[in-house]
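Visitor: The structure under discussion is supplied below as structure tokens; questions concerning it will follow.
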Amino acid sequence: MKITYHGHSFVQIENDKFSIVIDPFISGNPVVKTPVDKVKCDYIILTHGHGDHISDAVEIAQKNDATVIAMFEIANFAAKNNLKNHPLSIGGGFNFPFGRVKLTIAHHSSSFPDGSYAGDPAGVLLYIDGKTIYHAGDTGLFYDMKLIGEMNNIDYAFLPIGDNFTMGIDDAVKAAEFVNAKITVPIHYNTFDIVRANPEDFKKKVDSIGKKCEIIKFGESINI
Ligand code: NI
Ligand code: MN
């Protein structure tokens, strides 16, 4: 299985059968290297309605005939755009052909770029090929991350570190401790000036609490 970090919150998970993208934000994303028409996917998981997460989702879904998996309100938005979709809500999961997706809480807001209501923001648990991946979405630190960690044997946790709209480094280090993943990967940083953070600082601090952090450079992949 291959995981690619495209920058911001855009994470792609691929095995020999499926390609799944989470929050594919490309237009207006200065760090992403893959153009919209090069994204190949079967499923698109969206954590919340903000433009830096969903702005390219309709086009990518149309081009790939992909299924949008998201909170009920965002799935309805996908339906209005004639996209295949599967609604979920917080705490609920579903077994898809590629594996299981379950939504978690995230402390943030969620509206569409026009300001209309997009339901609650979410984090994502993805169970695929015997691995468990947690993508926290946009969120502040919350104590239930400990519960998420205790109830799931998480292999890879993607945690935002960019501050301002999400956790900053120190809170994200605490989150890494709570989630207790085998590997923590920082996301949602250095896309814009307002979310500047040094991933090396984060890595040092995660290392210092005895946990493992791996920085995946924008556009690079790891095989797991
Ligand atoms: Ni957001
Ligand atoms: Mn965001």
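Visitor: Taking interchain pairs and intrachain pairs at least six residues apart, which have beta carbon atoms under 6 angstrom, with the first residue in the range 102-113 and aliphatic (A, V, I, L, M) and the second within 14 Å of ligand 1 (Cβ to nearest atom)?
Guide: Leu103/Ala122; Ala106/Pro121; Ala106/Ala122; Ala106/Gly123; Ala106/Gly137; Ala106/Thr139
Visitor: Applying the selection to the range 6-22, what residues are farther than 14 Å from Tyr189 by Cβ and within 15 Å of ligand 1 (Cβ to nearest atom)? Talk me through it step by step, then tell me what you get.
Guide: So the first thing to find is which residues in the range 6-22 are farther than 14 Å from Tyr189 by Cβ, and the list is 12-22.
If the condition is that a residue be farther than 14 Å from Tyr189 by Cβ and within 15 Å of ligand 1 (Cβ to nearest atom), then Ile22 is the only one that fits.
Visitor: Among Lys80, Lys102, Lys63, which is the only one that is crowded, with 16+ Cβ neighbours inside 10 Å, of a type in the set (Lys, Arg) and away from ligand 1 (no atom under 16 Å from the Cβ)? Please lay out each step first, then the result.
Guide: Working: Lys80 fails: crowded, with 16+ Cβ neighbours inside 10 Å; Lys63 fails: crowded, with 16+ Cβ neighbours inside 10 Å.
The match here is Lys102.
Visitor: Restricting to the range 50-96, count the residues that are on the phi < 0 side of the Ramachandran plot and either basic (Lys, Arg) or in a loop (DSSP other than H, G, I, E, B) (or both).
Guide: 12
Visitor: Scan the range 47-83 for residues that are touching a strand residue (DSSP E or B) at 6+ places or on another chain (Cβ under 8 Å) and among the charged types (D, E, K, R) and report the count.
Guide: Within the range 47-83, residues that are touching a strand residue (DSSP E or B) at 6+ places or on another chain (Cβ under 8 Å) and among the charged types (D, E, K, R) number 2.
Visitor: Moving on to the next point. Among strands (runs of 3 or more DSSP E) lying entirely in the range 113-202, which contain 2 or more residues that are within 16 Å of ligand 2 (Cβ to nearest atom) and of a type outside the set (A, V, I, L, M)?
Guide: 156-160
Visitor: Then there is this: Any idea which residue in the range 204-224 is surrounded by the fewest Cβ atoms within 10 Å (Cβ to Cβ), counting only those that are touching a residue at least 60 places away in the same chain (Cβ under 8 Å) and not hydrophobic (A, V, I, L, M, F, W, C)? Talk me through it step by step, then tell me what you get.
Guide: As a first pass, look at the range 204-224 and keep what is touching a residue at least 60 places away in the same chain (Cβ under 8 Å): 216-224.
If we keep only those that are not hydrophobic (A, V, I, L, M, F, W, C) too, we end up with 217, 219-221, 223.
Working: Lys217: 10, Gly219: 14, Glu220: 13, Ser221: 14, Asn223: 7.
The extreme case among them is Asn223.
Visitor: Right, here's the next one. Which residues, taken from the range 1-41, are among the charged types (D, E, K, R), surrounded by fewer than 18 Cβ atoms within 10 Å (Cβ to Cβ) and either modelled with pLDDT under 95 or not in a strand (DSSP E or B) (or both)?
Guide: Scanning the range 1-41 gives Asp16, Lys17, Lys33, Asp37, Lys38, Lys40.
Visitor: Would you confirm, using the coordinates I've provided, whether Asn180 is modelled with pLDDT of 95 or more, within 18 Å of the chain's Cα centre (by Cα) and surrounded by fewer than 14 Cβ atoms within 10 Å (Cβ to Cβ)? Give the steps one after another, and end with the answer.
Guide: Details: modelled with pLDDT of 95 or more: yes; within 18 Å of the chain's Cα centre (by Cα): yes; surrounded by fewer than 14 Cβ atoms within 10 Å (Cβ to Cβ): no.
Judged against the criteria, Asn180 is not a match.
Visitor: Another question, if that's okay. Just one of Asp193, Asp170, Asp201 is free of Cβ contacts under 8 Å to residues at least 12 places away in the same chain, farther than 13 Å from Asp138 by Cα and surrounded by fewer than 24 Cβ atoms within 10 Å (Cβ to Cβ); which is it?
Guide: Values: Asp170 fails: free of Cβ contacts under 8 Å to residues at least 12 places away in the same chain; Asp201 fails: free of Cβ contacts under 8 Å to residues at least 12 places away in the same chain.
Only one candidate qualifies: Asp193.
The values are calculated or read from the model by the stated rules, or taken from the named source; none is laboratory data. For clarity, every value in this text was computed on a predicted model and none was experimentally measured. Note that each Cβ is placed from the backbone with ideal geometry, even for glycine, and that neighbours are counted across all protein chains shown.
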